[in-house]
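Asks: Quick one: this structure, given as structure tokens, is what I'll be asking you about.
Please treat every number below as a calculation from the coordinates, not as lab data. All values reported here derive from a predicted model rather than from experimental measurement. Cβ sites come from the backbone with ideal geometry, for glycine too, and all protein chains shown count toward neighbours.
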Amino acid sequence: MTITIEGLSFETIIGILDFERQTPQRVIVDCEISYEGEYVDYAVVRATIIETMKEEGFGLIEDALAQLIPKLHDQFPQIKTLRLKIAKPNIFDDCVVGVEESVRF
């Protein structure tokens with residue numbers, strides 16, 4: 001079974017530039033989870049992503065990925081593959097920047 005969360009949008013402190021540390025900015029998260037066995041509660045996945053990113057105030061979006069991936073797998077060990085993408089759509093006027101990682105457990 002596979003679940004997806006697409007376009008999860010919220011504001012948080014993230015980034016290493018001075019202005020990014022002072023004012024929350026919008027991030028967009030996409031997540032795809034393949035699992036076997038007991039279902040994965042997408043409401044819990046959504047809440048975990050939002051809470052973790054808001055509480056931690058990551059400097060790098062790569063650090064957010066590095067913390068979220070094992071955290072989600074710890075909550076749901078039935079996850080077999082996880083793709084997580086975090087984008088910052090408003091950091092530049094002419095593009096969206098982000099990072100993505102896919103992991104097989």
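Asks: Please build a GNM for the chain, connecting alpha carbons under 10 Å apart, and tell me which residue among Leu65, Leu84, Leu17 fluctuates the most.
Replies: Leu17
Asks: Relative contact order (percent) for the range 2-104, with alpha-carbon contacts under 8 angstrom and 6 or more residues of separation? Walk me through the intermediate numbers first.
Replies: On the way: 174 pairs, mean separation 30.9, N = 103.
About 30 percent, as a whole number.
Asks: In a shell of Cβ-Cβ distance under 13 Å around Leu8, excluding Leu8 itself, what net charge do Lys and Arg (+1) and Asp and Glu (-1) give? Could you put the intermediate results ahead of the total?
Replies: On the way: positive: Arg26, Arg46, Lys54, Lys85; negative: Glu6, Glu11, Asp30, Glu32, Glu51.
Net of charged neighbours comes to -1.
Asks: Something else about it: As I understand it, the value is the acute angle between the Cα axis of helix 61-75 and the longest principal axis of the Cα atoms of the chain; what does it come to in degrees, rounded to 10?
Replies: That helix lies at roughly 20 degrees to the long axis.
Asks: Evaluate the charge dipole of the range 2-104 about its Cα centre and quote only its size in Debye, nearest 20, assuming +1 on the Cβ of each Lys and Arg and -1 on the Cβ of each Asp and Glu.
Replies: Details: 10 positive and 19 negative charges, 23 e Å.
About 120 debye.
Asks: Same structure again: Taking other Cβ within 10 Å of each residue's Cβ, how do Phe10, Phe76 sort, fewest first? Walk me through the numbers before you get to the answer.
Replies: Details: Phe10 14, Phe76 19.
Ranked by crowding around the Cβ, least crowded first: Phe10, Phe76.
Asks: Let me ask something else. Among Asp30, Asp94, what is the fewest-to-most ranking by other Cβ atoms within 10 Å? Intermediate values should be presented prior to the final figure.
Replies: Values: Asp30 16, Asp94 4.
Ranked by crowding around the Cβ, least crowded first: Asp94, Asp30.
Asks: Would you mind checking the tilt of helix 42-56 against the longest principal axis of the Cα atoms of the chain, expressed as 0 to 90 degrees and rounded to 10?
Replies: 40 degrees
Asks: Still on this structure, I have one more. Summing -39500 (n - 2.57) over the DSSP H runs of n ≥ 4 in the chain and dividing by its residue number, what mean residue ellipticity at 222 nm do you reach, to the nearest 500 deg cm²/dmol? Before the final figure, lay out the partial values.
Replies: Details: 3 runs with 35 residues, N = 105.
Theoretical 222 nm ellipticity from helices: -10500 deg cm²/dmol.
Asks: Going toward the positive end of the dipole of the chain, with +1 on Lys and Arg Cβ and -1 on Asp and Glu Cβ, which of Ser9, Ile49, Ala87 do you reach last?
Replies: Ile49
Asks: Oh, and also: Where does the charge balance sit around Ile86 when Lys and Arg score +1, Asp and Glu -1, over other residues with C-beta under 11 Å from its C-beta?
Replies: Working: positive: Lys85, Lys88; negative: Asp30, Glu62, Asp63, Glu100, Glu101.
Value of the local net charge: -3.
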